[in-house]
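> Please read through the structure below; I'll follow up with questions.
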Amino acid sequence: MQKLQDILTSADVEGISKYPSTSTSWCLRQSVAQDEWRKARAYHINCLLSCNVAPENNCSHCTSPAVIRCKDCMPQEWLCMDCDIHIHKKLTLHNREFCIEGIYKPIEPTVCCVQKEGKYTLVNQVCLLPTVRPVQLCTCDPSNVTESAGRAIILVCINGRYDLHLPNLLCKLCLAHWTPDMSDLISSGYWPASVNADTLFSIDVFSSFEEMKTVAPGLSRQGFLRMLEKRTCLFGRAGKIHGDVFQRSFMEYTFCQYQCEKMASVEHFTCPACTPNMLALCADGNRKVYRFRQSKGSEEPYFDGTFIAKDTDVHHFVDEIRSKMKSTAGKGICGASQWSAARETARRASKLDEEGLEVVVCRHGVLLKALNMYRGEIFAYPLYLQKELQAATNGQFYCTDIACKYWPYLEKLAVSMLELRPLLQMRPFLSVMHAKAHSTKCEIIWSGKNQEGAGTTAGEEVEMVNSYLSRCALTTKYMTKSARNDMLTVHAIGLNRRKWEGLHLALSSRYIKTLKKAEAESQKLEDLSSELGCPENIVHQWVHDVRQWATDDSVGTRCDDQHNLQKSIEQMFLGVHQK
């Protein structure tokens, strides 16, 4: 022990501590976890192989030999023939396995095991749909009430398709009769696939589909239904699920759910953090959310005008603008960049119907409104959305990536259209990142970083939403007009709901970061002022001089003399130095 103590005392403890530990190194943790899994892999393989061997067990409820295993009945999963029929007469949706000859074979609910001539065989049986039942069918003795199978019905739940029958209750004395109607089916957690309710969808299927579409917008309806059909075959059942029937039933359920929430005063397209006085509205177009012209359909959308504005209203507004003011062709140019969104007219694409979406969000990324673009990105589209949202949100700033071109267009148009003059109460805001591609003077005048009262608003919040909507286009571009409108609205509701659930965490984190950043920037400015030996009033004078230079239009665009050439060189130098 003394020798060991001497060794520990003389050990280079500082040298050992220089190596990273699993608590601090992510790469080391991953490497250690991978080694642990590799060591345990052989044991896991043996466990998997042993799970496929059916042992000879007795029934968990009696002493008879077990021939059925039901994992949904764990821990009493081993059942004999009689106990299986007795227990699963009511638990119809359990997934069972027939274990004979040392192997497991999945069986459907409409099959039970019987013994004939000393051998176990499978025979068909009638299974009833689990539903709510009446508390009292009649005033007669309950022993006179018999239960039988009604008409056949198909149930689709998260485990696939089941072929069942509706329950039918009949009193032998008074002949009182009951079978579940639509109200009973909906109370039981089912939704009809048609008015006749020949097929039912479990509501958990719709909830799972909506959640998966929100998390993974590129998931197609066919892919989801194929997964359900695969689970149907996995549990020993068979049958197809009709895609169009599922789509219509899902949209009908979603719209009815939306109407119920609307009655409860739930607003899906408002931000709880900045309503009713929003600081900033961010608008931008998304050309990836297009739809091919070949996908035709005449049905009316469920969510007409809920999130995406009605096309007739937008077309009427665009035509009214064109009648008031002559449009100028060509794209807007600012600095060395040519902006495709900064134009008043555009040509339609030959193979597309809707060419994209113009979207407006608040500074927290909550979707507020959108419209379909049919002529690319033109000024009339963000102008329509600004007109629709200005009074409802009391927004102070209107953020676009072409504010230097859009705002003069609005001022010019407000002269002839008096109803647009209230829009000038808002202040223009050039998105912070897009401002880097504009000219230096434009960035100084219009950029959101230079706007008093804008805070940490970046004006780029709509880009995060557009990245989500672009993934939705993987499936919506092949839909009909109404189906695309409804599915994008469902996506928007789901995305807003996710933002609401995490908004308190995001705002708390943003508040702490903003406080630390403001303190650091104030200290940095104070240190720089001390280093240069200039008081605060001199710094404000410098800022005023730069803004005065940016707003001075006396310098022409041509370099005819030495003075203008010198001014042009100074402007280019300032732009390079700032970047």
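> Any idea what the dipole of the chain comes to, in debye rounded to 20, about its Cα centre with Lys/Arg Cβ at +1 and Asp/Glu Cβ at -1?
Using only the charged Cβ atoms, the result is roughly 1340 debye.
> Suppose R0 equals 30 Å. What FRET efficiency, 1/(1 + (r/R0)^6) with r the Cβ-Cβ distance, do Asn277 and Leu505 give to the nearest 0.05?
0.85
> Out of Pro106, Trp26, Cys59, whose Cα points farthest toward the positive end of the dipole of the chain (charges: +1 Lys, Arg; -1 Asp, Glu; placed on Cβ)?
Pro106
> Can you work out the Karplus-derived ³J(HN,Hα) for every residue in the range 388-402? Use 6.51 cos²θ - 1.76 cosθ + 1.60 with θ = phi - 60°, whole Hz, and x for glycine or proline.
Coupling constants for the range 388-402: 6, 9, 4, 6, 6, 9, 6, x, 9, 10, 10, 8, 9, 8, 9 Hz.
> With N residues in the range 196-235, what two-decimal value do you get for its Cα radius of gyration over 2.2 N^0.38 Å? All intermediate terms of the calculation are to be shown ahead of the outcome.
On the way: Rg = 11.4 Å, N = 40, 2.2 N^0.38 = 8.9 Å.
Scaled against compact globular proteins, the figure is 1.28.
> In addition: log10 I(q)/I(0), Debye, Cα-only the range 474-526, no solvent, q = 0.25, 0.27 Å⁻¹?
After summing over all Cα pairs, the log10 values are -0.90, -0.95.
> My understanding is that a pair violates if its Cα-Cα distance is over 24 Å; which of Lys326/Lys405; Lys436/Lys517; Lys310/Lys351; Lys405/Lys449; Lys71/Lys230; Lys310/Lys405 do that in this structure?
Over 24 Å apart, Cα to Cα: Lys310/Lys405.
> Which values of log₁₀ I(q)/I(0), to two decimal places, follow from the Debye formula for the chain at q = 0.13 Å⁻¹ with a uniform point scatterer at every Cα?
Taking Cα atoms of the chain as identical point scatterers yields -1.33.
> What part of the accessible area of the range 423-503, given as a whole %, is carbon or sulfur when the probe is 1.4 angstrom?
Ligands and nucleic acids excluded, carbon and sulfur give 57 percent.
> Rounded to the nearest 20 Debye, what is the dipole magnitude of the range 427-490 about its Cα centre when Lys and Arg each give +1 and Asp and Glu each give -1 at the C-beta? Please report the intermediate quantities before stating the final value.
On the way: 8 positive and 6 negative charges, 50 e Å.
Its charge dipole is roughly 240 debye.
> Reachable lysines from Lys3, Cα under 30 Å, same-chain residues fewer than 8 places away excluded?
Lys18
> Please turn the phi angles of the range 497-513 into ³J(HN,Hα) values with the Karplus equation 6.51 cos²θ - 1.76 cosθ + 1.60 (θ = phi - 60°), one per residue in order, whole Hz, x for glycine and proline.
For the range 497-513, the Karplus curve yields 5, 5, 5, 4, 5, x, 5, 5, 5, 5, 5, 5, 5, 5, 5, 5, 5 Hz.
> Oh, and also: Excluding residues fewer than 8 places away in the same chain, name every one of the aspartates and glutamates whose C-alpha is closer than 15 Å to that of Lys116.
Asp82
> Ok, one more. If you find the alpha carbon centre of the range 41-116 and of the range 471-503, how far apart are they in angstrom?
43 Å
> How far is the Cα center of the range 262-293 from the Cα center of the range 510-539, in Å?
If you average the Cα positions of each part, the centres end up 36 Å apart.
> Follow-up question, since we're still on this one. Does the range 32-127 classify as rounded, prolate or oblate by the C-alpha gyration tensor (a ≥ b ≥ c root eigenvalues; a/c under 1.5 gives rounded; else a/b over b/c gives prolate, otherwise oblate)?
The shape class here is prolate.
> Hey, can you find the accessible area per residue of the chain for me, probe 1.4 Å, expressed in square angstrom?
57 Å²
> Using θ = phi - 60° and the Karplus form 6.51 cos²θ - 1.76 cosθ + 1.60, what ³J(HN,Hα) does each residue of the range 474-488 get, whole Hz, x for Gly and Pro?
Per residue, the Karplus-derived 3J(HN,Hα) values read 4, 10, 6, 6, 9, 7, 6, 4, 5, 5, 5, 4, 5, 5, 5 Hz.
> Follow-up question, since we're still on this one. Enumerate by residue number the trypsin sites (Lys or Arg not before Pro) in the range 59-98 meeting two conditions: DSSP loop (anything except H, G, I, E, B), and at most 11 other Cβ atoms within 10 Å of the site's Cβ.
Lys90
> Straight-line reach from Lys172: which aspartates and glutamates have Cα under 17 Å away, leaving out those fewer than 8 places along the same chain?
Reachable aspartates and glutamates: Asp141, Glu147.
> Compute the orientation-averaged projected area for the range 395-540 from the convex hull of its Cα atoms and round it to one decimal in nm².
13.3 nm²
> Could I ask something else about it? Tally up the carbon and sulfur contribution to the accessible surface of the range 183-304 as a whole percent, 1.4 Å probe, everything protein left in place.
Answer for the range 183-304: carbon and sulfur cover 54 percent of the accessible area.
> Also: Which whole-percent values make up P(r) of the range 484-573 when all C-alpha to C-alpha distances are grouped in 10 Å steps starting at zero?
12, 19, 18, 18, 20, 11, 1
> Here's something else I'd like to know. What residue among His577, Phe317, Leu367 has its Cα farthest toward the positive end of the dipole of the chain, where the charges are +1 on Lys, Arg and -1 on Asp, Glu, each on the Cβ?
It is Phe317, whose Cα lies furthest towards the positive end.
> Based on Cβ point charges of +1 for Lys and Arg and -1 for Asp and Glu, what charge dipole magnitude is obtained for the range 381-477 about its Cα centre, in debye rounded to the nearest 20?
180 debye
> If you average the sequence gap of Cα pairs under 8 Å that are 6 or more apart and divide by the length of the chain, what percent do you get for the contact order? Working shown, then result.
Details: 815 pairs, mean separation 60.4, N = 579.
Across the chain, relative contact order equals 10 percent.
> Additional query: Around Thr232, with a cut-off of 11 angstrom between Cβ atoms, what is the net charge of the other residues, counting Lys and Arg +1 and Asp and Glu -1?
+3
> Then there's this: Over the Cα atoms of the range 157-281, what Rg and Dmax result, in angstrom?
So, for the range 157-281, Rg and Dmax equal 19.3, 72 Å respectively.
> Then there's this: Find the relative contact order for the range 353-414 and round it to a whole percent, using C-alpha pairs within less than 8 Å whose residues are 6+ positions apart. Please list the in-between numbers first.
Details: 47 pairs, mean separation 15.3, N = 62.
The normalised contact order for the range 353-414 reaches 25 percent.
> A follow-up question, please. Label 7 Å along Cα→Cβ of Val111; the range 241-259 residues with amide nitrogen under 20 Å?
Residues passing the 20 Å test: 241.
> Percent of Cα-Cα pairs more than 18 Å apart in the range 218-287, please.
66 percent
> Kirkwood hydrodynamic radius for the range 508-550: how many Å is it when counted over pairs of different Cα atoms?
Roughly 12.0 Å, rounded to one decimal.
> Using amide H atoms built 1.01 Å from N in the peptide plane, name the residues 5+ places from Ala280, or on other chains, whose amide H lies under 5 Å from its own.
Arg363, Gln396, Phe397
> Can you work out the FRET efficiency for the pair Ala391 and Asp319, with r the C-beta to C-beta distance and R0 = 35 Å, to the nearest 0.05?
The pair Ala391/Asp319 has a calculated efficiency of 0.95.
The values are calculated or read from the model by the stated rules, or taken from the named source; none is laboratory data. Not measured: the values here are computed from a predicted model. Using ideal geometry, Cβ is built from the backbone for each residue, glycine included, and neighbour counts are taken over all protein chains shown. Each accessible area value is taken on the protein alone, full model and side chains, heavy atoms only, with ligands, DNA and RNA left out. Shrake-Rupley method; radii C 1.70, N 1.55, O 1.52, S 1.80 Å.
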